Amino acid sequence: MADEEQLNLIKKGAEGWNAWREENPDCVPDLSGADLRGANLQKVNLKSANLQEAKLQFANFSGADLELVNLKKAKLQEVNLQRANLKGATLTGAGMLESNLQLADLSGADLAGAQFNEDVLLNQTNLKGANLSGATGLDLGQIQLALVDADTQLPDYLDEEVDDDFLLQF
């Protein structure tokens, strides 16, 4: 369950939150299960935060630092994650329908079992070393717009369509 004090602080916006993070560098934020639907959190520092099962639909996290964040089973429908840092993030079972992940860094992220659809934007998204096994709703066209490498684990239904020559381009 989310820490009420932290939840109230982040609802006031990224500027105050980021100042608090600078003053409390050793604190690991707990916003698990939080309802932040529609929040404008551009450039927010949520590095290593727990946002498991959070409701984040329609939120704006463009340019945010979400490195190593726990977003397991979070609801991220129509979320703006453009240019966000999600290196090493856990997004297992997360709902990513219609989200904007353009230019986001998801290198080394765990997206196993995440739910996507044809409206998810992956243009120039860094998926190098990401685990997408068991993810649903992706198509080859989306993956071809993203940055992948030999360590990227694709869902079985896409793995068969992607040949080694495609992966060697990157």
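Only the coordinates and a few stated rules stand behind these numbers; no lab work does. Keep in mind the model is a prediction, meaning the values are calculated, not measured. Heads up, the Cβs are rebuilt from the backbone with ideal geometry, glycines too, and the neighbour counts pull from every protein chain shown.
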Checklist line | Neighbours by Cβ (under 9 Å, 6+ apart or cross-chain): first from region 123-146, without any contact (Cβ under 8 Å) to a residue 12 or more places away in the chain; second surrounded by 21 or more Cβ atoms within 10 Å (Cβ to Cβ) and among the charged types (D, E, K, R) | finding: none
Next item on the list: For region 67-95, name all the residues that are closer than 20 Å to LEU138 by Cβ and crowded, with 24+ Cβ neighbours inside 10 Å.
Entry: LEU71, ALA74, LEU76, VAL79, LEU81, ALA84, LEU86, ALA89, LEU91, ALA94
Checklist line | Residue satisfying condition, being of a type in the set (A, V, I, L, M, F, W, C), surrounded by fewer than 23 Cβ atoms within 10 Å (Cβ to Cβ) and on the phi < 0 side of the Ramachandran plot, within set LEU132, LEU121 | finding: LEU121
Checklist line | Selection from region 1-21 of residues that are touching a residue at least 12 places away in the same chain (Cβ under 8 Å) and either in a loop (DSSP other than H, G, I, E, B) or not basic (Lys, Arg) (or both) | finding: MET1, ALA2, ASP3, GLN6, LEU7, ILE10, LYS11, GLY13, ALA14, TRP17, ASN18
Next item on the list: Scan region 20-51 for residues that are charged (D, E, K, R), touching an Asp or Glu at 6+ places or on another chain (Cβ under 9 Å) and farther than 18 Å from GLU4 by Cβ and jot them down.
Entry: LYS43, LYS47
